[in-house]
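Coordinate-derived values only; no laboratory data. Since the structure is predicted, the reported quantities are computational estimates derived from the model, not experimental observations. Neighbour counts run over all protein chains shown; Cβ positions are idealised from the backbone, glycine included.
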Amino acid sequence: MMFIARMKVKEGKEAEFERLAGELTEQVHAHEPDALRYEFFKLKDEPLGYAVLEQFKSEAAEEAHRETPHFLKIAPPLIECLDGTYVREFIEPLN
């Protein structure tokens, strides 16, 4: 399962968001072998726009990700940086 989540960050919260996103990414890569991709991006043509590309081996792995200690610690302050909510777009390779 793979998706892109797009979000907008509150003005002035960019540095905090990027720090938290980096910390979460490091923790996911270090502790979640079923996370195949987990990477944040700055949206080039959208002021304050960001996205995260997530790919997990299964839906259960994605659900487990949301229950990890690092996610439960980092996600709430990261979400506080958002201006509104995020939008998920599920994607799959053509091949």
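Annotations for the structure displayed:
- Working from label points 7 Å from Cα in the Cα-to-Cβ sense, the K44 to E63 distance is 3.8 nm.
- With Cα atoms, 0 to 90° folded angle of helix 69-80 axis to the chain main axis: 30
- Nearest 10 degrees, 0 to 90: helix 14-31 Cα axis against the chain principal axis: 10
- Electrostatic bookkeeping for A21 treats Lys and Arg as +1 and Asp and Glu as -1; over the other residues with beta carbon under 11 Å from its beta carbon, the sum is -4.
- Derived scalar couplings between HN and Hα for segment 61-68 equal 5, 5, 5, 5, 4, 6, 10, 6 Hz in order, rounded to whole Hz, by the Karplus curve 6.51 cos²θ - 1.76 cosθ + 1.60 (θ = phi - 60°), x for Gly and Pro.
- Helix-only CD estimate at 222 nm, as mean residue ellipticity for the chain, using -39500 (n - 2.57) per DSSP H run (n ≥ 4): -12000 deg cm²/dmol
- With the simple spin-label model, which puts each label point 7 Å out from Cα in the Cβ direction, the L72 to V87 separation comes to 3.2 nm.
- Least to most buried among H65, H29 (fewest other Cβ within 10 Å first): H29, H65
- Value of D in µm² per second that Stokes-Einstein yields for the chain, Kirkwood Rh from Cα pairs, at 10 °C (1.306 mPa s): 116
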